[in-house]
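Laboratory data are not the source of any read-out in this text; all were calculated from the coordinates shown. These numbers come from a predicted model, not from an experiment. Here Cβ is always computed from backbone atoms with ideal geometry, including for glycine, and neighbour counts include all displayed protein chains.
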Amino acid sequence: MNQEHNAATFFNSFAETFDTIYDQKRNPFMRWVDGKFRSDMFIRYALTFEALDHLRGGTVLDVGCGSGPYIAEAFKRGADRITGIDPAPNMLTLVRHRLAQAGLAEDRCRLIEGLFPGVPVEPHDFAIVMGVMDYVEDAQVFLKALRPVVKQVAVISFPSEHWFRTPFRKFRYQLRQCPVYFYNDAGIRKLCETAGFADVRIQKIPGAGMDFHVSLRP
Ligand SMILES: C[S@@+](CC[C@H](N)C(=O)[O-])C[C@H]1O[C@@H](n2cnc3c(N)ncnc32)[C@H](O)[C@@H]1O
């Protein structure tokens, strides 16, 4: 079993809990923890829809869609068709549930259970890859496969190294047998340019933020 399958197994068992982070359904202590240490998740969500301010009528690919918060928001903002890819079936069940509850167009959403790359995907106008590169063993292979399926803009988060928090995160995920990978600004630029993206914009999430938010154009 390769390491990304380990991530899939971990996220399959963690799906329900992960989903509660977005809806702030956790107990007060965990909400405090999320606000303090997971603020990146909310900031990258806002930055993504700032970068994709023209997705009305377009097609969207969400790689590592998880429980589907970006899919629901993209539909609300007028996306025409969306493809979500995730290897964790429990995450995909949550996407269907989210869309049904919000009365959003399930028939215009295609969900694929699998790891990217490795599943057939046609080109889309926009791609969203949030919180996924943390678990990708070979980022170069991933980005090279992403480039031909993006027609306009891709937005991707990459976790950065932090002297204090990174060793703890590595240790926690080691216990879960789910390896995590970290990046720096120069490395991200090289990976994206080598993959064939011409316009690479890298933004470091400020404050406690650990993520780079990157927008790419072919
Ligand atoms: C931290 S969650 C993020 C979910 C969602 N993008 C979000 O930001 O709310 C990471 C998700 O990526 C999925 N994943 C990990 N590696 C993947 C890969 N190579 N291809 C597709 N999905 C992947 C996991 O199963 C998990 O659901």
Put in order of increasing Cβ neighbours within 10 Å, starting from the fewest, Ile71, Ile82, Ile205 give Ile205, Ile71, Ile82
The extension gain from Lys144 to Arg96, computed as 0.36 nm times the residue separation minus the Cα-Cα distance, is 14.3 nm
Within the chain, pairs of Lys residues whose Cα atoms are less than 23 angstrom apart, provided they are eight or more positions apart or on distinct chains, add up to 10
If exposed means GluC sites (Glu not before Pro) lying in a DSSP loop and surrounded by at most 15 other beta carbons within 10 Å, then the longest stretch of the chain lacking such sites spans residues 1-136
Per-residue ellipticity at 222 nm attributable to helices in the chain (runs of n ≥ 4 DSSP H, -39500 (n - 2.57) apiece, nearest 500 deg cm²/dmol) works out to -13500 deg cm²/dmol
With a Förster distance of 41 angstrom and the Cβ-Cβ distance between Val119 and Trp163, calculated FRET efficiency to the nearest 0.05 equals 0.65
The chain: antiparallel bridges as % of DSSP beta bridges, rounded to 5, reads 40
From fewest to most C-beta neighbours within 10 Å, the residues Val153, Val95 line up as Val153, Val95
Taking placed amide H atoms and a strict 5 Å upper bound, the residues 5 or more places from Ser160 or on another chain that come that close are Tyr183, Asp211, Phe212
Fewest-first ordering of His213, His124, His162 by Cβ atoms within 10 Å yields His162, His124, His213
Once amide hydrogens are built 1.01 Å from N within the peptide plane, the residues lying 5 or more places from Ala127 or on another chain with amide H under 5 Å from its amide H are Leu61, Val153, Ala154, Val155
Label model pair Thr194, Phe49: point-to-point distance (7 angstrom along the Cα→beta-carbon line) in nm is 3.5
Once Phe171 and Lys151 are pulled to full extension, the length gained, defined as 0.36 nm per residue separation minus their Cα-Cα distance, is 3.4 nm
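Full-extension gain between Gln203 and Arg217, please, as 0.36 nm times their residue separation minus the C-alpha to C-alpha distance. Walk me through the numbers on the way to the answer.
Details: separation 14, 0.36 × 14 = 5.04 nm, distance 1.47 nm.
The Gln203-Arg217 span can extend by a further 3.6 nm.
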Between His5 and Arg77, Cβ-based FRET efficiency (R0 41 Å, step 0.05) works out to 0.80
